[in-house]
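The values are calculated or read from the model by the stated rules, or taken from the named source; none is laboratory data. Because the structure is a prediction, the values reported are computed rather than measured. All Cβ positions, even for glycine, are placed from backbone atoms using ideal geometry, and neighbour counts span all protein chains on display.
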Amino acid sequence: MATYLVTGATGLIGRHFVEEILPREDTGTVWLLVREQSQDRLARRAGQWPNPEKIKTVMGDVTRPGLGIAADALERLTGAVDHVVHLAALYDLTADDETSTIANVDGTRHVIELAARIRAGCLHHVSSVAVAGDYHGKFTEDMFDAGQRLRTPYHRTKFESERLVRTQTGVPWRVYRPAVVVGNSVTGEMDKIDGPYYFFSGLSRLAVLPSVPLVLPDIGDTNIVPVDYVAKALAHLVRTPGLDGRAFHLVNPEPQSVRSVYNAFARAAGAPPATAELGPGLSKPLVSLVKLAEHVPGVTIARDAVLDRLGIPPELLATLTFEPRFASAQTRTALAGSGLEVPALDDYADVLWRYWREHLDPFRARKHGGRGPLDGRRVVITGASSGIGRATALKVAAAGGVPLLVARREHELDEVRAEIEAAGGHAYTYPCDLTDGEAVGKMVERMLAEQPGVDMLVNNAGRSIRRSVRLSYDRMHDYERAMAINYFGAVRLILGLLPHMVERRFGHIVNVSSIGVQGIAPRFSAYVASKAALDAFSKIVATETHGAGITFTTVHMPLVRTPMIRPTRIYDAFPTKSPEQAADMILDALRKRPKHIGTPTGFAIQTAYAVAPGLVDAIAYQAYRIFPDSAAAGGTGKVKIGKGERHLSAAATALARITRGFHW
């Protein structure tokens, strides 16, 4: 009975390999090296494997000397392992030298030392065709150091790790070099975006175009194999005697042109096919011109910006095709009689595409339901118990969204939820005081655990304080209270949800700001300053999260008749928007995701202040004089607003109507 010690068993090739060897009658114990943080993932996977009783786990890490294996485990392994199968590696073209060296070179060195120490029968090292670098011509299985150039840290460290295996003398060895490994040809299973998958997002965008013929340049060939073929071939070769000291190319016998690969996936995606290919005479000058253009200032910045929007690392362009052609005669001879053949990409491209679309598409969170841009969206709405927040929640639910209702008063949130559910919608309540950092953290944790995803956030909860600075000399707490909810409360929630949104590569945040930020609003120094702070915060964060698909809209809201303005009795005489009209502005922000939404009055005041700030100051000062502090703010209340009576001066009435919706 053959026994195994496998590293990287939770990786794509590793788990397929283990699944292949476990059911074989000649397989004995299979030790799996597992890091502490990967135990749960291995346990979930092992529950799906055949003959799990053959599995024994060994705690360790290839980056540590001796793999960090405990002394008692080493004693059990010594003399008891026929095959050490080293699959653990970092497959990442974007990783730097140090990271790649630690994982690939140091990791392989430690595995070699362990294999010799436990007197393993054979060390099976899974390398890569990347060791061939930019070698021109046929690269055979007997070739290794042929003067090739190694372009990336990944290429260099895979070459060096294979060199270590070849030059050591402590244990017999075999080397396996897979080509570009894609998902399972039957199930489509793949664990991460890699190789051709980076271009799937672009293909999905092409799928909306009319089916017009495309012409592609001839930029060379690639070589793609599905992981199930690699695992089956590896399982066969590992168990075949008499193959020590040799390398095997787990590749497609015939290289695939970029055009054929594009067409295979284009058919699966419904994208336009490439019906022709430019010959080498035209393609080579075109490629040279593109490479030359990279030295023009700004070209690489523009190129990388486009690639980033599609989720394509620029490093991939340099390794898109292979210079060498990989011979695999020895491998085919060793596999003769096994029935193993590399399936044609055309036969399983649609399987890979479907799996990617359902599980790996980095932009899948951006897709909405058929009823419109809010259909199926989970939308967090703060201040949802009344006023603008309540009206917004009702409208979001009516548009097919699922409001996640946030406010302090739970019973009022329950009433809003009941109203939504009575109309056939769905909503969830999350009572929380947004000024309490610990409470917000727990709420976000609960929200992310309960919901399949959070798509959008409406920062609507706020506190308005209308009080002149003359009456605020000893009221620093006014400014602190305004910042606590209007700024820090909103920022705390944004920071709590951003990691989730970045991971899903989609999110939209609507901040309900104030028309006062666009102009000069006397008596609102605390309120407007807190809103302006949030405006500035969002403007900066939007630049940093642009590539992750996170967008921000600032709604400079005019005066709305809600309970928040009730203490200021002179507003009874002001023209205002209703909560429903305000909610319509927020719905526009959620649907269209513009940078800014406001009113003509707000834009006019903003423009006037940019052109003539002194004049605007003078007008605002006159407004400050004719609109007094309210009694609630500690003013004298010289202007009396009684039941059914509005005793505003003619000038005040005119100004309120001219600057409709502005906070005076």
### Residues located in the stretch 471-519, provided they are without any contact (Cβ under 8 Å) to a residue 60 or more places away in the chain and among the basic types (Lys, Arg)
475, 481, 492
### Message
For the stretch 13-37, give me each residue that is within 23 Å of residue 181 (Cα to Cα), aliphatic (A, V, I, L, M) and modelled with pLDDT of 95 or more.
### Response
13, 18, 21, 22, 32, 33
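When you check residue 388 against the structure, is it in the same structural domain as residue 459 (by TED's automatic domain parsing), aliphatic (A, V, I, L, M), modelled with pLDDT under 95 and assigned to a helix (DSSP H, G or I), yes or no?
In short, yes.
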### Task
Search the stretch 565-613 for residues being at pLDDT 85 or above and among the basic types (Lys, Arg), and hand back the single one that is nearest to residue 507 (Cα to Cα).
593
### Task
Any residue in the stretch 126-150 that's without any contact (Cβ under 8 Å) to a residue 24 or more places away in the chain and closer than 23 Å to residue 85 by Cα: show its pairings with residues that are among the small types (Gly, Ala, Ser) and buried (at least 19 other Cβ atoms within 10 Å of the Cβ) at Cβ separation under 9 Å, as long as the two are six or more apart or on different chains.
143/132; 143/247
## Note on the structure
Taking the stretch 512-537 and the residues there that are surrounded by 24 or more Cβ atoms within 10 Å (Cβ to Cβ) and among the polar types (S, T, N, Q), the one that is farthest from the chain's Cα centre (by Cα) would be 518
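Residues that are closer than 18 Å to residue 234 by Cα, touching a strand residue (DSSP E or B) at 6+ places or on another chain (Cβ under 7 Å) and in the same structural domain as residue 261 (by TED's automatic domain parsing): which strands (runs of 3 or more DSSP E) entirely in the stretch 79-194 hold 3 or more of them?
83-86, 122-126, 173-178, 180-182
Residues in the stretch 320-328: is at least one assigned to a helix (DSSP H, G or I) and at pLDDT 95 or above?
For the stretch 320-328, residues assigned to a helix (DSSP H, G or I) and at pLDDT 95 or above: absent.
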## Note on the structure
For the stretch 473-521, the count of residues that are in a loop (DSSP other than H, G, I, E, B) and of a type in the set (Phe, Trp, Tyr) equals 2
### Query
If only one of 53, 113 is of a type outside the set (Phe, Trp, Tyr) and either in contact with a helix residue (DSSP H, G or I) (Cβ under 9 Å, 6 or more places away or on another chain) or crowded, with 16+ Cβ neighbours inside 10 Å (or both), which one is it?
113
### Message
Checking residue 18 against (1) outside any strand (DSSP E or B); (2) surrounded by fewer than 22 Cβ atoms within 10 Å (Cβ to Cβ); (3) not hydroxyl-bearing (Ser, Thr, Tyr): exactly one of these is not met. Which one?
### Response
(2)
### Query
Which is under 23 Å from residue 589 (Cβ atoms) and touching a Gly at 6+ places or on another chain (Cβ under 7 Å), of 454, 416, 440?
440
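To keep it simple, each residue is scored yes or no on (1) loosely packed, with under 13 Cβ neighbours inside 10 Å; (2) over 31 Å from the mean Cα position of the chain (by Cα).
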site: 1; (1), (2): yes, yes
site: 30; (1), (2): no, yes
site: 41; (1), (2): no, no
site: 68; (1), (2): no, yes
### Message
Here is a list: 34, 62. Which entry is more than 27 Å from the chain's Cα centre (by Cα) and surrounded by 14 or more Cβ atoms within 10 Å (Cβ to Cβ)?
### Response
62
### Query
Does the stretch 197-213 include one or more residues that are touching a strand residue (DSSP E or B) at 6+ places or on another chain (Cβ under 8 Å) and surrounded by fewer than 20 Cβ atoms within 10 Å (Cβ to Cβ)?
yes
#### Entry: Meets criteria (touching a Phe, Trp or Tyr at 6+ places or on another chain (Cβ under 7 Å), crowded, with 17+ Cβ neighbours inside 10 Å and modelled with pLDDT under 95) for residue 464
yes
### Message
Please pick out the residue among 158, 192, 138 that is among the basic types (Lys, Arg) and modelled with pLDDT under 95.
### Response
192
#### Entry: Filtered residues of the stretch 342-368 (kept if exposed (fewer than 13 other Cβ atoms within 10 Å of the Cβ) and either in contact with a Phe, Trp or Tyr (Cβ under 6 Å, 6 or more places away or on another chain) or free of Cβ contacts under 8 Å to residues at least 60 places away in the same chain (or both))
358, 367
### Summary
Those residues of the stretch 419-455 which are small (Gly, Ala, Ser) and within 18 Å of residue 387 (Cβ to Cβ) amount to 427
### Query
Say we look at the stretch 583-619 and pick out the residues that are among the hydroxyl-bearing types (Ser, Thr, Tyr) and closer than 30 Å to residue 391 by Cα; which of these is farthest from the chain's Cα centre (by Cα)?
601
### Query
Is one or more of the residues making up the stretch 384-392 surrounded by fewer than 23 Cβ atoms within 10 Å (Cβ to Cβ) and under 28 Å from the mean Cα position of the chain (by Cα)?
no
### Query
Of all residues in the stretch 432-484, which are within 20 Å of residue 401 (Cα to Cα) and among the charged types (D, E, K, R)?
446, 450, 455
### Task
Confirm whether residue 44 is at negative phi, in the same structural domain as residue 146 (by TED's automatic domain parsing) and modelled with pLDDT under 95.
yes
### Message
Suppose we filter 372, 400 for residues that are at pLDDT below 95, closer than 20 Å to residue 584 by Cα and surrounded by fewer than 20 Cβ atoms within 10 Å (Cβ to Cβ); which single one remains?
### Response
372
### Task
Could you check, for the stretch 251-263, whether at least one of its residues is among the basic types (Lys, Arg), in contact (Cβ under 8 Å) with a residue 24 or more places away in the chain and surrounded by fewer than 18 Cβ atoms within 10 Å (Cβ to Cβ)?
no
### Message
For the stretch 530-540, check the following and say yes or no: at least one residue is at pLDDT 90 or above, farther than 28 Å from residue 480 by Cβ and either assigned by TED's automatic domain parsing to the domain that holds residue 517 or not in a helix (DSSP H, G or I) (or both).
### Response
no
